[in-house]
Structure formats: structure tokens, C-alpha cells
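S.K.: First the structure, then my questions, so here it is.
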């Protein structure tokens, strides 16, 4: 019975006639990813207001945090744009572009992390604040990761094959 169910699921999700079911599964998962992105944006916004109003010297972090924010926003914007795309090549091109943005966000977060940890060593009394900033910036990096998942889900919905997500 369990094997029969797995066969039915495999045929339903991966067969060429299963486009509507694939779309439904993908859009449900995309909805979940978008909700998590919205939660990250909300949390990031609240925390950044507190960080900017605090006594923390933000000048060393400003440049990389701005680039990280722009990269995350660009990744999310690109991924949301795939909701109206049905062409396989266009989806794959967007996937490559989102992967580049996600990779940039990973690199920028690493640089930011290194800068924050060096600041923590200099200003030990504010170490908790710096760790909180790092946690806040992680929200942006996660948004870029979720953008990759959205594009992968759209490829699954439109093209089929194996569902690849984080």
C-alpha cells in the first residue's frame, strides 16, 4: 500500500500531465517562502531602527550592510518576477541571476561578519549589540536564500522534474 501511494505521488508530481498539481504544490510552498520573507523584512526593519538609534558606531558596517540590503532586495524582486514567467529559458536565466545575487549576499554577509567580529574585539562592552546587528543582517541573507527556493519552485511548477529547494 505504501509503495502504491509513492508510485501515485511520483506519477502525479513528475508526469507531464501533472502540471496543475505541480503548480498547486509549488505555489503553496512559494506562499510559505513569501510569508517568511515578509517576516524577515518586518523583523529587520524593527531591529534596524533600534540599531541606528543606539550608540553603536555603525560607520564601519554601513557600506557592506547597504550592499547586502540591495542584493537581498534584488534577489527577492527577481524571484517574484518569475511568478508570471512560463518560458523555461527565461526561468533558468532568472535562476542564474538569483543565484548570483544569493552568492553575493553570502559573501557580503561573511565580510560583514568579519568586520563585526573585529569591532567586538575592540569594543568588548558593546559585544552584545554587535552580535544583535549580525543577527539582524542575517535576515537579509536568508531572504536571498529564500529567493533561490522560489525560483526553483517556479521551475518545478512550469517545467516539472524533481523539486529542488533548501
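Coordinate-derived values only; no laboratory data. These numbers come from a predicted model, not from an experiment. Cβ atoms come from the backbone with ideal geometry, glycine included; neighbour counts cover every protein chain shown.
S.K.: Suppose only helical runs count, i.e. DSSP H with n ≥ 4. What mean residue ellipticity at 222 nm does that imply for the chain under -39500 (n - 2.57) per run, divided by all residues and rounded to the nearest 500 deg cm²/dmol?
M.R.: Calculated at 222 nm, the ellipticity per residue is -30000 deg cm²/dmol.
S.K.: Counting C-alpha atoms alone, how compact is segment 74-165: give Rg to one decimal and Dmax as a whole number, in angstrom.
M.R.: Rg then Dmax for segment 74-165, in Å: 17.0, 54.
S.K.: Return the equivalent ellipsoid semi-axes of segment 2-159 as a descending list in whole Å, where each equals the square root of 5 times an eigenvalue of the C-alpha gyration tensor.
M.R.: Value: 39, 16, 13 Å, ordered largest first.
S.K.: Determine, from the Cβ-Cβ distance of residue 113 and residue 70 and an R0 of 22 Å, the FRET efficiency 1/(1 + (r/R0)^6), rounded to the nearest 0.05.
M.R.: Calculated value: 0.75.
S.K.: Work out how much length residue 31 to residue 62 would gain on full extension: take 0.36 nm times their residue separation and subtract the Cα-Cα distance, in nm to one decimal.
M.R.: Stretched fully, the residue 31-residue 62 segment lengthens by 8.0 nm.
S.K.: If you rank 113, 6 by fewest surrounding Cβ atoms within 10 Å, what's the result?
M.R.: Lowest to highest Cβ neighbour count: 6, 113.
S.K.: Expressed as a rounded percentage, what relative contact order does the chain have, with Cα pairs under 8 Å and six or more residues apart?
M.R.: Relative contact order here is 38 percent.
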